[in-house]
Amino acid sequence: MNELDEFRAEVVAWLTENRPPEPDFLLPESFMEVGSDSQFHYLRDWQQQVYEAGYLGMAWPKEYGGGGREQVYQDIVTAEMARLNVPFMTNTIGLNWAGPLILAIGTEDEKQRYIQKILSAEEIWCQGFSEPDNGSDLGNAQTKAVRDGDEYVINGSKIWTSLGSYAKHMILLARTDFAAENKYAGLSYFLAPMDVPGVRVQPIQKLTGEYGFTQTFFEDARIPASCLMGTEGQGWQIAMSTLTFERGAAGGQAGGLSMVVVGVADVVELARHAMRDGQPAIEDPHIRDELVKFLIEEQGDRLCESRSRVTALCSERPGSIALSGKLRGTELRRRLCQFAISLQGANGALWVGDRDAVAGGKWQRSYLNAFSATIGGGTSQVQANIVGERVLGLPKG
């Protein structure tokens, strides 16, 4: 047994022994559904336990609280977390977006101030990009940040700020110059505190009945000028760098799961028990054909990361895998959940809590929740445009 095999066995043993007990409440499927104190504390305690065991941020620098090891070790941990279906890491925005960004372009003070507390979940992060009136037009953000001495005064509103009710900090895109020659040049980027007067968070109930999303209002909220990342006017470039982490187009994330894992194997198992025309659905040739297509697609996506590291396999369209990953992954999950519901026949109309709901209504809930990921970080339509323009070279419009 080589060193990596030994490490994998160590990880499996630790996860098996230390996974938290099943709670007496419904666990969220991702950070976008964390809406109760019970859910939040359960997941934060789990992240803290994983970090203290040395299995989170393993490839981040030691001087900032990371493990200072090769990325392959963290990859093993994350893969085993998925296989064993343990809870996800609740501080998703900090671990996967804000943390990698700060490590990539932040100052030494910012790295010392924020990174370790991101890993330990001592400080939760949320994202302040989208606004109610601008949708996917991120460059048209209208939240104001006006310099007043050693502070900025913030006014405006951000929406879909997942974990906003629990966050200590927000990665905030705001307009500091309304007279700039173009809308992008007037934007600036802040690592903004949430616990200052003038910041109000309003939870938003989703179609599933769950919370997690919030709308955040800034009403003459004052934040230190030192919260500005980079310089005034650099906000658009920094926001685009953030999105490369959010969409998985750039590496450097801390590791761990960001949501409950849903795979084709789960749907295959469902098909073995769901009945169609008096026999298991998996006996239907059409169902088997569709399952094979899903298996091929899932395996292809799984191998893409390895393929991306072989230049000869990507030379024709070198950015295709990185730029299409978010689109491929989120749409596969949505379609897979939809197919799982179709296997249930009339029971597909039942919901969580219904006595006869298949798997407790898991697939119905997962299907509706899957739309969050197809919207956050750029809608599937936006992602398709990115692939069309930057990979295929198609003209805008």
*What's the center-to-center distance, using Cα atoms, between the stretch 208-263 and the stretch 78-146 in Å?*
4
*Quick one: which of 183/326; 158/206; 206/362; 183/396; 62/117; 158/183 span more than 21 angstrom between C-alpha atoms?*
183/326
_Reduced Cα scattering model of the stretch 126-234, Debye log10 I(q)/I(0), q = 0.10, 0.12, 0.20 Å⁻¹_ = -0.26, -0.37, -1.00
*asked:* Hydropathy at least -0.5 by Kyte-Doolittle, axial extent at least 27 angstrom from the Cα trace: which helices of the chain, defined as entire DSSP H runs, fit?
replied: 320-342
*If you work out Rg and Dmax of the Cα atoms in Å from the coordinates, which of (i) 19.8, 60; (ii) 21.9, 75; (iii) 27.0, 93 do you get?*
(ii)
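Listed highest first by mean packing, meaning other Cβ atoms within 10 Å per residue, what order do 352-361, 114-123 come in? Intermediate results must be reported in sequence, preceding the final value.
On the way: 352-361: 14.1, 114-123: 21.9.
Ranked from most to least packed, the peptides come out as 114-123, 352-361.
Can you tell me how much longer the chain between residue 122 and residue 309 gets when fully stretched, taken as 0.36 nm per residue apart minus their C-alpha distance, in nm with one decimal?
Details: separation 187, 0.36 × 187 = 67.32 nm, distance 3.46 nm.
Gain on stretching residue 122 to residue 309: 63.9 nm.
Going highest first, how would you order 244-250, 211-217, 107-113 by mean Cβ packing within 10 Å? Mind showing how you got there, number by number?
Details: 244-250: 19.7, 211-217: 22.1, 107-113: 13.7.
For the peptides 244-250, 211-217, 107-113, the packing ranking is 211-217, 244-250, 107-113.
Read the figures in this text as sums done on the coordinates, not as results from a lab. Everything numeric in this text was worked out from a predicted model, so none of it was measured. Here Cβ is always computed from backbone atoms with ideal geometry, including for glycine, and neighbour counts include all displayed protein chains.
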